[in-house]
1. With every protein chain kept in place and ligands, DNA and RNA left out, what is the accessible area per residue of the chain? Probe 1.4 Å, answer in Å².
2. For the stretch 98-178, rounded, prolate or oblate, judged on the Cα gyration tensor with a ≥ b ≥ c (square roots of eigenvalues), a/c < 1.5 rounded, else prolate if a/b > b/c?
3. With unit charges on the beta carbons (Lys and Arg positive, Asp and Glu negative) and the dipole taken about the Cα centre of the chain, which residue among Ala3, Ser145, Trp124 sits farthest to the positive side?
4. Could you work out the local net charge near Trp35, counting Lys and Arg as +1, Asp and Glu as -1, over the other residues with Cβ closer than 15 Å to its Cβ?
5. Once the dipole of the chain is set up with Lys and Arg at +1 and Asp and Glu at -1 on Cβ about the Cα centre, which of Leu87, Ala65, Trp35 lies farthest towards its positive end?
6. Select from Gly155, Gly102, Gly255 the residue whose mean-square fluctuation is largest in a Gaussian network model of the chain (Cα-Cα springs shorter than 10 Å).
7. Is the shape of the chain rounded, prolate or oblate, going by the alpha carbon gyration tensor and its root eigenvalues a ≥ b ≥ c, with a/c under 1.5 for rounded and a/b larger than b/c for prolate?
8. Calculated FRET efficiency, Leu60 and His165, Cβ-Cβ r, R0 35 Å, to nearest 0.05?
Amino acid sequence: PSAIRALGYRSYRLFWIGAAVSQVGSLMQSAALAWIVAASTHSALRTTLITLATLAPIVLLGPWAGALADRHDRRILLLWSTVLGLLQGVATWVAWITGAHGYAVLFSLSLVLGVLTALTAPSWQSFLADLVPKDAVQNAVMLNSTQVNLARATGPMVAGLIIAHTGPAWCFVLNIVSFLATLWALLSIPDIPRPHRSSGDTGVIEGLRIAMDHAKERRGLASAIVAHFVFATVAIPVTSLTPIIAVTVLHRGAGSYGLLAGAIGIGAIIGALVMGT
């Protein structure tokens, strides 16, 4: 069907499946970490700092990460980031089962994950255009957004159920397994000829200036950036506070927390369907 035509291309289909599984695993781990901190400290500040450790590097390192995506093989960058993400997942699991999961350790592990995410996020986004023809790029981007929202809905919900019945350890284990799906997908994609990109001939700072000038000259692009910034500023803190609201305001357990967090992803999916029609 035309609504999912980008999935007709094998390389994109593999990438989409691997990324979907990995996103679910990563959000399960993030939801588990947030719940652990909220339940053990009852501190809104400490709970949101865990999320900040994951998101702040994206703001600080984003421009340099974009330069990496322009200058190096994106598939290789993604392979390395996946391996390092797997190791971070293993470290989180080991810290939990050994009892070495103080707040400083959990914060440091979240910061490592944030740095890895920041350095490869532009590669993840731009790699889509390498996997499908130009006329299917828009559909590929839409399907990628749908995949992210599906993960936002299912990851926290599954994490909440697992924590309620067995504890957080299995969330960390399943996150490790999810990275294997991403590795399989990336290794199954054949080498893609990398076209010459003129931005690779400029310095990082100069490339950032060119990008800013490009955004200023296109009203639609500038408006999208501003709208995204405003949304991230006022909406993302709500998701960060969800575990502390579940614990200290609603006095509910991990299962209810999973439903609250997953509802945000479900709403995003419904919104996408409405906008798509």
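1. It amounts to 53 Å² per residue over the chain.
2. oblate
3. Ala3
4. Here the count lands on +2.
5. The Cα lying farthest towards the positive end belongs to Trp35.
6. With Cα springs under 10 Å in the chain, the top fluctuation among Gly155, Gly102, Gly255 is at Gly102.
7. Taking the square roots of the gyration eigenvalues as a ≥ b ≥ c, the chain is prolate.
8. 0.40
The values are calculated or read from the model by the stated rules, or taken from the named source; none is laboratory data. Quantities reported herein were computed from a predicted structural model and do not represent experimental measurements. Virtual Cβ from ideal backbone geometry, glycine too; neighbours counted across all protein chains shown. Only protein heavy atoms, including side chains, enter the accessible area calculation; ligands, DNA and RNA are left aside. Shrake-Rupley method; radii C 1.70, N 1.55, O 1.52, S 1.80 Å.
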